[in-house]
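One structure is given here, and the rest of the page talks about it.
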Amino acid sequence: MEENELSYKIRGCIFTVYNKLGPGLLESAYEAALVYELKKENLEVKNQLALPMIYEEIKMEIGYRLDILVENKVIIELKSVENLLDVHHKQLITYLKLSGLKLGLLVNFNSDDISKSIFRKVNNL
């Protein structure tokens with residue numbers, strides 16, 4: 001399955017979680033529910049996956065973690081904050097660069113309208 005197809009399925013799962021839980025919970029609650037919904041769609045899902053940093057060809061295990069990785073192709077970075085900051089968008093782009101992956105979704109569940117709180121980020125390899 002290609003990234004665009006995955007993105008469509010992922011968005012459907014995000015909407016399901018949001019419609020069942022609503023805004024205002026901790027990020028960890030949304031992560032658990034979203035992982036559950038993604039697995040129900042028979043997608044390969046990893047959460048809290050360690051992301052090493054490569055610096056001058058040295059692999060450094062410094063504690064970065066991807067919230068969710070779907071089918072080893074799409075990173076989902078979850079937030080439950082009043083307002084997303086520029087740094088949240090930059091964080092996902094950096095994760096895409098470090099991982100060598102093409103597509104990421106930044107999602108803020110603390111929103112009145114989830115459709116306006118899902119941001120697609122593309123790594124221009």
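Data table
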| read-out | value |
| --- | --- |
| Test: residue in region 15-22 that is surrounded by fewer than 13 Cβ atoms within 10 Å (Cβ to Cβ) and in a helix (DSSP H, G or I) | yes |
| Residue within region 47-59 that is surrounded by 10 or more Cβ atoms within 10 Å (Cβ to Cβ), without any contact (Cβ under 8 Å) to a residue 24 or more places away in the chain and among the charged types (D, E, K, R) present | no |
| Residue match in region 83-94 (condition: more than 22 Å from residue 25 (Cβ to Cβ), touching an Asp or Glu at 6+ places or on another chain (Cβ under 7 Å) and of a type outside the set (Gly, Ala, Ser)) | no |
| Odd one out for residue 47, checked against (1) under 13 Å from the mean Cα position of the chain (by Cα); (2) among the polar types (S, T, N, Q); (3) modelled with pLDDT under 95 | (3) |
| Residue among 111, 115 that alone is closer than 23 Å to residue 19 by Cβ and assigned to a helix (DSSP H, G or I) | 115 |
| Any hit, region 58-79, residues being of a type in the set (A, V, I, L, M) and not in a strand (DSSP E or B) | no |
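The values are calculated or read from the model by the stated rules, or taken from the named source; none is laboratory data. It should be emphasised that the depicted structure is a prediction, and the values quoted were computed from it without experimental measurement. No Cβ is skipped: glycine too gets one built from the backbone with ideal geometry, and neighbour counts run over all protein chains shown.
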